[in-house]
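J.: So that we are looking at the same thing, I have put the structure below in structure tokens.
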Amino acid sequence: MNLTAADVPGFSSSGSARGGPRSHKRAEGELFGCAGARRSGARTHSTDVASASSPSFEFRHGIIDVGVSSEVGVSRSSALADAELAALHSGRVRTCFERYLHSVLAAGHSRATRIGPVTIESGNPPAPGTSGSFGWRVRATFGLKGLRVPVYLDLLGFVYGPARVTLVSSGALRPFPALAQQRLFALLLTRARARGL
């Protein structure tokens, strides 16, 4: 059900089937755990019956540098998945996101790199037929030796039955292309329906 290389022609696979650098996966697990969603990063939580991620797919050409991956977790019941979705819409998510951003944006960068300002926008991407969706767009800048580079991180997801599906995309200088992001999100939604979870 996750993204494959055939879904993103021209992209190269980076990282393992866990979907990206270990530090990013750990930080993502901490985000969902902090928000009250029962996920634990690299390990399947006791309420999950299955969990899998795609590799990270990257495209770099000139100043273009974008990446995308997906993750699917299946809870023991639809009620548990719905509770996690509700937690992700709670007021504490912004605080949790700030911790997540610190972990992700600081990973792999020297102490001389300055991060900021950071803005977070939330929304609900259309996901007809699901229990609901969530979406976050994060914008930040990296500053090093007088240069300022904008970076973007998008997390889009939905709950379908007991399944939680997340699409993670990123870009430097510019965000991941909107049309490609919409296509991949719709593809994950189509696959979830076809599986009949």
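J.: Any chance you could run the full-extension gain for Arg183 through Ser78? It's 0.36 nm times the residue separation minus the Cα-Cα distance, nm to one decimal.
T.: Between Arg183 and Ser78, full extension yields an extra 35.2 nm.
J.: Expected output is a single nm value to one decimal: the length gained when fully extending between Ile63 and Ser14, i.e. 0.36 nm times separation in residues minus the C-alpha distance. What is it?
T.: Roughly 15.8 nm would be gained on extension.
J.: Next up: Between Thr4 and Glu121, what length in nm is gained on full extension when 0.36 nm per residue of separation is reduced by their alpha carbon distance?
T.: 39.3 nm
Read-outs: derived from the displayed coordinates by stated rules, not from any lab. From a predicted model like this one, the values you see are computed outputs, not experimental measurements.
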